[in-house]
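Asker: Have a look at the structure that comes next, please.
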Amino acid sequence: MLLNEIGEANIYKMLSDETRLKILKLLSSESLSVSGIINKMGMDQPLISHKLKDLRENGLVISYRSGKNIIYKISDDSLRNLLRAGSEAGKKIERICKCAECDE
């Protein structure tokens, strides 16, 4: 499924959740099983499974069976590019507070 078929606002909604974003970043570099994601993230299985369900139902990841495991991967290279661009932008954004209280 191409990202433009999903809807831009829905993509950003999925990316706005920190856990879903972390899962997508992991999957942007390699395909992983649920247990592989759990091991790398150190989070509980029910939480990871729920977030993967959200991502799959919204078309951001796809899954396939490999033996007894279900493997997840990014659904489209353009999502990988979006994640990379977001990461680069985040590094460039100045993190200094500009409010009046901090300027004192």
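None of the figures in this text is laboratory data; all of them are computed from the coordinates on show. None of the values given here were measured: they were computed from a predicted structure.
Asker: Can you list residues from other chains, or at least 5 along the same chain, whose modelled amide H is less than 5 Å from the amide H of SER33?
Answerer: TYR72
Asker: Whole-Hz Karplus ³J(HN,Hα) for the stretch 9-14, in order, using 6.51 cos²θ - 1.76 cosθ + 1.60 and θ = phi - 60°, x for Gly and Pro?
Answerer: Rounded to whole hertz, the list is 4, 5, 4, 5, 4, 5.
Asker: Another question about this same structure. How large is ³J(HN,Hα) for each residue in the stretch 19-28, as worked out from phi by the Karplus curve 6.51 cos²θ - 1.76 cosθ + 1.60 (θ = phi - 60°), to whole Hz, x for Gly and Pro?
Answerer: Residue by residue, the stretch 19-28 yields 5, 4, 4, 4, 4, 4, 4, 4, 6, 6 Hz.
Asker: Given Cα pairs under 8 Å that are at least 6 residues apart, what percent is the relative contact order of the stretch 3-103?
Answerer: 28
Asker: Now for a separate question. Step through the residues of the stretch 43-59 one at a time and calculate ³J(HN,Hα) from phi using the Karplus curve (6.51 cos²θ - 1.76 cosθ + 1.60, θ = phi - 60°), rounding each to whole Hz and writing x for Gly and Pro.
Answerer: Listing the rounded values in order: 10, 6, 4, x, 5, 4, 4, 5, 5, 5, 4, 4, 5, 5, 5, 9, x Hz.
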